[in-house]
1. Could you grab me the full set of residues in segment 129-144 that are open to solvent by less than 40 Å² (accessible area, probe 1.4 Å) and either free of Cβ contacts under 8 Å to residues at least 24 places away in the same chain or not in a helix (DSSP H, G or I) (or both)?
2. Could you tell me which numbered condition GLY163 fails, if it satisfies all but one of (1) at positive phi; (2) open to solvent by 80 Å² or more (accessible area, probe 1.4 Å); (3) not hydroxyl-bearing (Ser, Thr, Tyr)?
3. Looking at VAL147, VAL154, VAL167, can you tell me which residue is of a type in the set (A, V, I, L, M), closer than 24 Å to ALA93 by Cα, outside any loop (DSSP other than H, G, I, E, B) and in contact with a helix residue (DSSP H, G or I) (Cβ under 9 Å, 6 or more places away or on another chain)?
4. Cβ contacts < 6 Å: first residue touching a residue at least 24 places away in the same chain (Cβ under 8 Å) and over 19 Å from LEU116 (Cβ atoms), restricted to segment 159-187; second residue open to solvent by 50 Å² or more (accessible area, probe 1.4 Å) and assigned to a loop (DSSP other than H, G, I, E, B), any location; separation 6+ or different chain. Result?
5. For residues in segment 104-122 being outside any helix (DSSP H, G or I) and modelled with pLDDT of 80 or more, which is most open to solvent (accessible area, probe 1.4 Å)?
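The values are calculated or read from the model by the stated rules, or taken from the named source; none is laboratory data. Worth saying up front: this structure is predicted, and the values here are computed from it rather than measured. Ideal geometry is used to build each Cβ from the backbone, glycine not excepted, and the neighbour counts take in all protein chains shown. In case anyone asks, the SASA skips ligands and DNA or RNA and just uses the protein heavy atoms, side chains included. Shrake-Rupley method; radii C 1.70, N 1.55, O 1.52, S 1.80 Å.
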Amino acid sequence: MGAGTSPADRAAAATGPADGQAEAAADAAAEAPAPDAAGGPAAVEADASAADAADGAAEAPEARTGSHPEPGPAATPAARRSRRFPSFTRDTARPEGGGRAAGGDAPAPARQWPLLAVLCTAGAGLLIVAADPFDQAFRIGTILIGVALIGGAVLRLVVPSVGMLAVRSRFTDLVTYGLLGVLIVMLSLVAQPKPWLDIPLLEDAVHFTIR
């Protein structure tokens, strides 16, 4: 310890260089030009590269699973459809020729005119049978009902689309309508009394069955 040196002088000497360095650094920072638009291309590029790196880091977990790429939608195998008939069906297949008989802009009666024609003819026959306004009205009305069914079979054969008149396939509807119509007309012609059509074989079969 030198002569004439007090503890306060020694503390000032110990802190003096550090204070001098801090003051020098503050002066240098004050004198250094602030980054502006003229001197900041390097800073802009650094910021852009940092933003790109952050975006890549954010997208990496979504695009990859571990070290393998995540499979896309095309890589997902398609679900196999079962061939078993479903327990509950939501719709029914339209029969052959079951489309509208007229365009979609036509009114509903025009789109279903084949069915309406058959129903109106059969209804007229039933009305004649029920009212019985004249002699042989029962026979005329029954023949009209059979003719309506035969006309339905003809429409089913000729018209490509008959609307709701199509119940099953074309062949099944032809057989059903035609057979029922012919049977009704034949029964009305041979009905007693005074049949309009005499079939000896049919009369003998009826007598043999009754006996």
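1. Initially, segment 129-144 is screened for residues open to solvent by less than 40 Å² (accessible area, probe 1.4 Å), giving 137, 139, 141-143.
Once the filter is applied, which keeps residues that are open to solvent by less than 40 Å² (accessible area, probe 1.4 Å) and either free of Cβ contacts under 8 Å to residues at least 24 places away in the same chain or not in a helix (DSSP H, G or I) (or both), segment 129-144 yields ALA137, GLY141.
2. Among (1) at positive phi; (2) open to solvent by 80 Å² or more (accessible area, probe 1.4 Å); (3) not hydroxyl-bearing (Ser, Thr, Tyr), GLY163 violates only (2).
3. VAL154
4. SER169/GLU96; ARG170/GLU96
5. Of segment 104-122, the ones outside any helix (DSSP H, G or I) are 104-107, 112.
From what's left, modelled with pLDDT of 80 or more: 105-107, 112.
Working: ASP105: 147, ALA106: 22, PRO107: 87, GLN112: 42 Å².
Step by step, filter segment 104-122, then rank; the result is ASP105.
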